[in-house]
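Heads up: the structure comes next, in structure tokens.
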């Protein structure tokens, strides 16, 4: 990030914060962990750009971030991209219904064009 001549350290920090995504895709992710991550997303210096969580936590995070500009991201077919393609198409639709702004799909390279095609038809 290049600093403009008139940008203070605080301005640079705010701009960096606006680009930051907080993520918990750990096996230990839980409702209390989601609540804590969402609270961290709303800093006294401004909000982060997004929070990324497992699909099953999207609704909880959406409620915790209600009224804030923080976007909500989730994953589909993550991490290995080896799930059944029909399940991979359903999961993102549910996440969007619960308030996800962004879906980050994962697929094996041999399936990626098929998955992308199916997902385009869904939305």
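The values are calculated or read from the model by the stated rules, or taken from the named source; none is laboratory data. From a predicted model like this one, the values you see are computed outputs, not experimental measurements. For neighbour counting, all protein chains shown are included, and Cβ atoms are generated from backbone atoms with ideal geometry for every residue, glycine included.
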Filter region 39-62 down to the residues that are under 28 Å from residue 13 (Cβ atoms), in contact with a strand residue (DSSP E or B) (Cβ under 7 Å, 6 or more places away or on another chain) and not in a loop (DSSP other than H, G, I, E, B) and list them by number. 40, 41, 50, 51, 52, 53, 61, 62
Going through region 38-55 one residue at a time, which ones are under 12 Å from the mean Cα position of the chain (by Cα) and surrounded by fewer than 19 Cβ atoms within 10 Å (Cβ to Cβ)? 49, 54, 55
Quick one: which residue in 35, 27 is out of contact with any strand residue (DSSP E or B) (no Cβ under 6 Å at 6 or more places or on another chain), under 22 Å from residue 95 (Cα atoms) and surrounded by fewer than 12 Cβ atoms within 10 Å (Cβ to Cβ)? 27
Within region 27-75, residues at positive phi and in contact (Cβ under 8 Å) with a residue 12 or more places away in the chain come out as 46
If residue 74 meets every condition in (1) modelled with pLDDT under 75; (2) within 14 Å of the chain's Cα centre (by Cα) apart from one, which number is that one? (1)
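Could you say which residue among 104, 97 is at pLDDT below 85, surrounded by fewer than 17 Cβ atoms within 10 Å (Cβ to Cβ), closer than 14 Å to residue 23 by Cα and under 18 Å from the mean Cα position of the chain (by Cα)? Talk me through it step by step, then tell me what you get.
Working: 97 fails: closer than 14 Å to residue 23 by Cα.
Selected residue: 104, the only one of 104, 97 that is at pLDDT below 85, surrounded by fewer than 17 Cβ atoms within 10 Å (Cβ to Cβ), closer than 14 Å to residue 23 by Cα and under 18 Å from the mean Cα position of the chain (by Cα).
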